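J.: Take a look at the following structure, please.
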Amino acid sequence: MRSGAVLILVVLACAYAPGAQAFARPVTAADRALLARPATSEERIAEGVAERLTGHKAVSVRCTPMNLYFKNVLGVTPMLNGHAFDYFLMQTNECTYLAWFRESPARWDPRTCAPSDCKYTIDIVWAMETVAHESYHLLGYTNEAQVDCYGMQSVWFVASRLGASASEAEAFAHLFADRLYPLRRTETPLYWSPQCRDGGAYDLRPASHAWPS
Ligand SMILES: [Zn+2]
C-alpha cells in the first residue's frame, strides 16, 4: 500500500467551479489499467504535442471520462512531492477536439470558419490549452496560475504542431488570451495572475513584446 498521497493538478474550463482546484488521492488501479493499454490514435496526437512541449521522449496521455469532485475538469496530472510521472489524463472530448483539428486545421480557423464550425472553436482552443497546461505540470510546475499562463502562451505552438498556419495559430492564441483568460479572474481565480502579461513575471519570452506568443 502506497503511503504518500498524490496531488492531482487539473485544468478547469471555466465557470461555476468551487474554490479548491487541487486535491489529493492515491494512484488508482484505474490509472494503471489505462496506462497498461496501448494509446489510441487520438491519444497519440496529444502525446506528440506533449513530448515536443516538454522535451520528454515518452509521454503518455490517456483520454477518459472523469467525474471528479468539481465540474469542468478538462485534464488531470498526478504528481507526488513535486514530481510528475510523464503521464496525464484528459477528458475524452478534449482528445476528440484535437483530432478534429489535426484532421482539417483550416476548417476551424476562427477568422474564416463557417458558423456551424465556428461554434466549436472555443472547445478546440480549450483542448489546445489543456494539453499545454498539463505538459507544464509534467515539467514539475505546480502553481496553477503560472502553469495556466505558460499553457496560454503555448496555444500557438499546439495549433501549429497540429497543422495550423502561423497566422491561424496566432488567431487561436488570441482567442484564448482575449476571450477566455480574462474570465479566469473571477471564475477560477486560482488559475489567473496579474503577472500573466507581456513583461510580467510569467512571460515566457520577456525579450519579445509579442503577446501571448
Ligand atoms: Zn493544472
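J.: Touching a helix residue (DSSP H, G or I) at 6+ places or on another chain (Cβ under 8 Å) and either assigned to a helix (DSSP H, G or I) or among the acidic types (D, E) (or both): does that describe H174?
T.: On the way: touching a helix residue (DSSP H, G or I) at 6+ places or on another chain (Cβ under 8 Å): no; either assigned to a helix (DSSP H, G or I) or among the acidic types (D, E) (or both): yes.
So H174 does not fit the description; no.
J.: Look at segment 50-92 and say how many of its residues are hydrophobic (A, V, I, L, M, F, W, C), under 23 Å from T188 (Cβ atoms) and either away from the ligand (no atom under 14 Å from the Cβ) or modelled with pLDDT of 95 or more (or both).
T.: In the first step, residues of segment 50-92 are kept if they are hydrophobic (A, V, I, L, M, F, W, C); the result is 50, 53, 58-59, 61, 63, 66, 68, 70, 73-74, 76, 79-80, 84-85, 88-90.
Filter once more, keeping what is under 23 Å from T188 (Cβ atoms): 50, 53, 61, 63, 66, 68, 70, 73-74, 76, 79, 84, 88-90.
So of that shortlist, the ones also either away from the ligand (no atom under 14 Å from the Cβ) or modelled with pLDDT of 95 or more (or both) come out as 50, 53, 61, 63.
Counting residues in segment 50-92 that are hydrophobic (A, V, I, L, M, F, W, C), under 23 Å from T188 (Cβ atoms) and either away from the ligand (no atom under 14 Å from the Cβ) or modelled with pLDDT of 95 or more (or both) gives 4.
J.: A further question follows. Under 6 Å between Cβ atoms, at least 6 apart or on separate chains: pull out the pairs that start in segment 103-122 with a residue that is in contact (Cβ under 8 Å) with a residue 60 or more places away in the chain and end on any residue that is among the charged types (D, E, K, R).
T.: D109/E168
J.: Something else about it: On the basis of being outside any helix (DSSP H, G or I) and at negative phi, does P212 make the cut? Step through it out loud before you land on a result.
T.: Working: outside any helix (DSSP H, G or I): yes; at negative phi: yes.
Taking the combined requirement at face value, the residue satisfies it.
J.: In segment 69-96, what count of residues is obtained for those that are in a loop (DSSP other than H, G, I, E, B) and within 21 Å of A30 (Cβ to Cβ)? Working first, answer last.
T.: Taking segment 69-96 and keeping what is in a loop (DSSP other than H, G, I, E, B), we get 69-72, 81-82, 85-86, 91.
Retained after the next criterion (residues that are within 21 Å of A30 (Cβ to Cβ)): 69-72, 85-86, 91.
Result for segment 69-96: 7.
Condition check ((1) basic (K, R); (2) crowded, with 22+ Cβ neighbours inside 10 Å; (3) part of a helix (DSSP H, G or I)) across all residues:
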{"site": "L98", "(1), (2), (3)": "no, yes, yes"}
{"site": "H133", "(1), (2), (3)": "no, yes, yes"}
{"site": "A145", "(1), (2), (3)": "no, no, yes"}
{"site": "V158", "(1), (2), (3)": "no, yes, yes"}
{"site": "A164", "(1), (2), (3)": "no, yes, no"}
{"site": "D178", "(1), (2), (3)": "no, no, yes"}
{"site": "Q195", "(1), (2), (3)": "no, no, no"}
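J.: Say we look at segment 180-193 and pick out the residues that are in a helix (DSSP H, G or I) and hydrophobic (A, V, I, L, M, F, W, C); which of these is nearest to the ligand (Cβ to nearest atom)? Can you show your working first?
T.: Let us first name the residues in segment 180-193 that are in a helix (DSSP H, G or I), namely 180-187, 189-191.
Among the residues that remain, those that are also hydrophobic (A, V, I, L, M, F, W, C) are: 180, 183, 190.
Working: L180: 15, L183: 16, L190: 9 Å.
Once the filter is applied, the top-ranked residue is L190.
J.: Between a first residue in segment 133-149 that is without any contact (Cβ under 8 Å) to a residue 12 or more places away in the chain and farther than 17 Å from R184 by Cα and a second residue that is more than 7 Å from the ligand (Cβ to nearest atom) and not in a loop (DSSP other than H, G, I, E, B), which pairs have beta carbons less than 8 Å apart while being 6 or more apart in sequence or on different chains?
T.: That search, which allows pairs on different chains as well, returns Y141/Y150.
The values are calculated or read from the model by the stated rules, or taken from the named source; none is laboratory data. Quick caveat: nothing in here was measured; it's all calculated off a predicted structure. Neighbour counts are summed over all protein chains in view; Cβ atoms, including those assigned to glycine, are modelled from backbone coordinates with ideal geometry.
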